[in-house]
Amino acid sequence: MPLLRRSWRARTVPTSNSSIVRHHSRPHRHYPHALGTETGGVPVGNRVGSNPFALALGSVVLGLGGYYFGAYFGPRSNAPFPSHVIESLPSKPVYGSPEDFSHAIEELKSLFSEGTVTTAQDQLEAHGFSPNAHHPGCPHSVVVYPDSTEDVVKVVHVARKYRMPIIPYSGGTSLEGHFSGWKGGGICVDMSGMDKIIAIHQEDSDLVCQPGVGWMEINETLKEKGIPLFFPLDPGPTATVGGMLSTGCSGTNAVRYGTAKGEWFLNATVVLPSGEVIKTRRRSRKSSAGFDTTKLFIGAEGTLGIITEVTIRLAPVIPTTVATARFPNVRKASEAVIQILNTGIGVQCIELVDAAFMRATVTAGNPARKYDIADHLFFKLQGATPSALSESVEVVKEIVKTHGGDKFYPAKTQEEAEAMWADRKNGLYSSLAYAGEGAKVWSTDVCVPISKLPQLVYETQHDIEHSGILYSIVGHAGDGNFHTILTFKTDEELNTVRGLVHRMVERSLALDGTCTGEHGVGIGKKAFLTEELGVGTVALMKTIKRAIDPLGIMNPGKTTIPYPTLEDSRTSVPGSELFLNRLNDQT
């Protein structure tokens, strides 16, 4: 068996900043308007002539259908997708046979050098399953390690030719099954070798890189070069830029810097399912030119194309310190958070941890200092000058006292601040160690309006304690996002945990929240999309998917099902009756 090429390699960074390369309120459940009806019960479609928007939307849907048919039933070639007008539409994609897939693998091996393509069973399984997720998975048929955009284009052309699914992979930190293998087999494209920092533009506060580079490596490089900038999105420590963009991630810094769906990704180079390469926009800080196609791929989870290059925006490094405070309960802590945010002082992070989290930290986490086992807030505060930083600390201290908090403790040195923040960031590992040998963990997240966070936490705590599952809770209190860390050892406990996760999501949706604040949808949260977004919005997502990926080869089964069904179109696309009548004539 040929040796696999290493994903990580020795890296050197030239000093030039111009050319640096590094090797290395929820929709109402009845949706009266989304269903194409008004209060009187008269279908909107019966009055298309009086509704220009409806007529236009119907035309778009019909046009997309034609585009799809031409691509789907066209010859198996690498030509661009045609766009013939059609009379019928398949309800789901049809993939190649096992024989087709075998031919695809042989063609891939002929296109790339030794070690770039592997069918080694351990690699197929390692890329198809995640120890961090507890959702269905299966091994891929083949794994390819591209080096460039051109390599990815070759892979996509082979996948198109043989109707073979493509599943992107990079950092492997997903918690919702984003890179699980497709049940019928597929090509896993491991982007971790595309890890170059292409250019740093210090004067513009941006950086161009490939998708396989990690956010921590980017920040380390900037620090080493003495550039006082950093990339502020901070998910799991081994997360890479491509995966961060694709899942719409965020982390503890979100209260100050927002999420991946903000303006941190200025543009992306994408290989589309047709094999065409596009760049979503130029490098300017802002643009009002046309649709924001960059955001179309943020959170798409590899279902619309494969990211091969990204321009990210950087932020100035501002001095910080860390403080903690004890609270009598979550409600008091949340009230303090709301007032602190409304003061406008420099807050980079506000983290809520419950007594169970502190018990695990104190017992098994080797903490930086002695903590009480009680609900706490961890603060990371900013200040451009020492006096500004001290002022932020004093303001937070007074607000904490106002809301019943005590034992407010600011770090005395930068080293102590880093150690205290590590206590918060190591919560997952402390919880696992506290659970004992053989324990596994299911970590999931939801997000609600900040004012609803106490209710959600209380109800979730009660549910978990009643189940007997060992747990801890940590929340990004500044934006209403919180995580449960649920530990288990047996299949019976796993089933209990699965039920707890489901009920937590339902509570979040009932409070006008979301099923996922930062982990993404993948497989694990797909079932909740329609309840959260509404039938019409999900149908629109499916229509976009069908238009861009008519063969359904890009990461199938993730985020949403590949195509709208006849029923989806009938109930959720106003003004599409002409299109539906044509479909009905064929069914």
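The values are calculated or read from the model by the stated rules, or taken from the named source; none is laboratory data. Here the structure is a predicted model, which is why all the values come from computation and not from measurement. Because the Cβ atoms are built from the backbone with ideal geometry, glycine has one as well, and the counts that use them run over all protein chains shown. Areas reflect the complete protein model, heavy atoms only, side chains present, ligands, DNA and RNA absent. Shrake-Rupley method; radii C 1.70, N 1.55, O 1.52, S 1.80 Å.
For the listed peptides 239-246, 462-469, a ranking on the average number of other beta carbons within 10 Å per residue, highest first, reads 239-246, 462-469. For region 104-153 and region 428-471, what is the separation of their Cα centres, given in Å? Result: 34 Å between the Cα centres.
Cross-linked pairs K183/K542; K295/K440; K109/K526: Cα-Cα separations exceed 25 Å for K295/K440; K109/K526. Per-peptide packing, taken as the mean over residues of other Cβ atoms within 10 Å, places 521-529, 441-449, 302-310, 501-509 in the sequence 302-310, 441-449, 521-529, 501-509 from highest down.
Taking region 297-436 as the region of interest, the number of lysine pairs whose Cα atoms are within less than 18 Å, with members eight or more places apart or on different chains, is 13. For region 352-414, carbon and sulfur atoms together expose 53% of the accessible surface, with a 1.4 angstrom probe and every protein chain in place.
The HN-Hα couplings worked out from phi for region 117-134 by the Karplus form 6.51 cos²θ - 1.76 cosθ + 1.60 (θ = phi - 60°) are 10, 9, 10, 4, 4, 5, 6, 4, 6, 4, 8, x, 10, 10, x, 8, 10, 10 Hz, whole numbers, x standing for Gly and Pro. Only aspartates and glutamates eight or more places from K279 in sequence, or on another chain, were considered; those with a Cα closer than 20 Å are D147, E150, D151, D195, D204, D206, E263, D292, E301, E309, D549.
Can you bin region 327-429 into rounded, prolate or oblate? Criterion: square roots of the alpha carbon gyration tensor eigenvalues sorted a ≥ b ≥ c, rounded for a/c under 1.5, prolate for a/b above b/c, oblate for the rest.
Values: a/c = 2.06, a/b = 1.27, b/c = 1.62.
Judged from the Cα gyration tensor, region 327-429 comes out oblate (a/c at least 1.5, b/c at or above a/b).
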